[in-house]
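The values are calculated or read from the model by the stated rules, or taken from the named source; none is laboratory data. Quick caveat: nothing in here was measured; it's all calculated off a predicted structure. No Cβ is skipped: glycine too gets one built from the backbone with ideal geometry, and neighbour counts run over all protein chains shown. Quick note on the areas: whole protein, heavy atoms, side chains included, nothing else; ligands and nucleic acids left out. Shrake-Rupley method; radii C 1.70, N 1.55, O 1.52, S 1.80 Å.
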Amino acid sequence: VQLQASGGGLVQSGGSLRLSCAASGSIYSINALGWYRQAPGKQRELVAIINSRGGTNYADSVKGRFTISRDNNKNTVYLQMNSVKPEDTAVYYCNAVSLSAGFWGQGTQVTVSS
C-alpha cells in the first residue's frame, strides 16, 4: 500500500484546512485509515481514524473541530480541520492498517499562526 498525503500549509488560528491522502496498491487489504501528527520534540500521536464501516475515533484535543472521512471510490481519506489552533502545528501523517501490516505516507506540514 502506498499513501500520498497533501493539503498541508500555513493557516491562521481559527481558520480551516483540509488534508487528503490517496491510497494505492493493495487497497483491498486496508481495514482502517487514519491521521497522526508529530510536533517538534513530541511523540507521534493519533488524531483521527476511520474504519472500513465508517466508524470514527478522535483524539480529545480535536473532537468537535476535526472531521475524518473517506471516499472509497477515490481510495482517499480526508481530514477537515476547522477552528485550528497554534497547538495543532505539526507534521501530519496518513496511516493505513491491514490485518498484517501498517503503512505510512510521507508527512505534510501544518503550521497554525497565532
Practice prompt. Straight distance only, please: which aspartates and glutamates reach the Cα of Lys85 with their own Cα at less than 18 Å, same-chain residues fewer than 8 apart left out?
Written response: Glu45, Asp60
Worksheet item: In vacuo Debye scattering of the chain, one point per C-alpha: log10 I(q)/I(0) at q = 0.22 Å⁻¹?
Response: -1.22
Fill in: Cα coordinate range in region 27-68, projected on the principal axes (Å, largest first)
35, 23, 10
Item to complete: Select from region 1-61 those trypsin sites (Lys or Arg not before Pro) which occupy a DSSP coil region and have at most 11 other Cβ atoms within 10 Å, ordered by residue number.
Response: Lys42, Arg53
Practice prompt. Report the FRET efficiency, 1/(1 + (r/R0)^6), for Ile27 and Arg65, where r is their Cβ-Cβ distance and R0 is 30 Å, rounded to 0.05.
Written response: 0.60
Worksheet, complete the sentence: Along region 90-96, Karplus-curve 3J(HN,Hα) (6.51, -1.76, 1.60; θ = phi - 60°) to the nearest Hz, with x for Gly and Pro, reads 4, 8, 9, 10, 8, 9, 10
Worksheet item: Can you list residues whose amide H is under 5 Å from Gly25's amide H, if they're 5+ apart or on another chain and H is modeled 1.01 Å from N?
Response: Gln2
Worksheet item: For region 19-91, what is the accessible area per residue in Å², given a 1.4 Å probe and the full set of protein chains?
Response: 53
Worksheet item: With charges set only on the Cβ (+1 for Lys and Arg, -1 for Asp and Glu), what does the dipole of the chain come to about its Cα centre, in debye to the nearest 20?
Response: 100
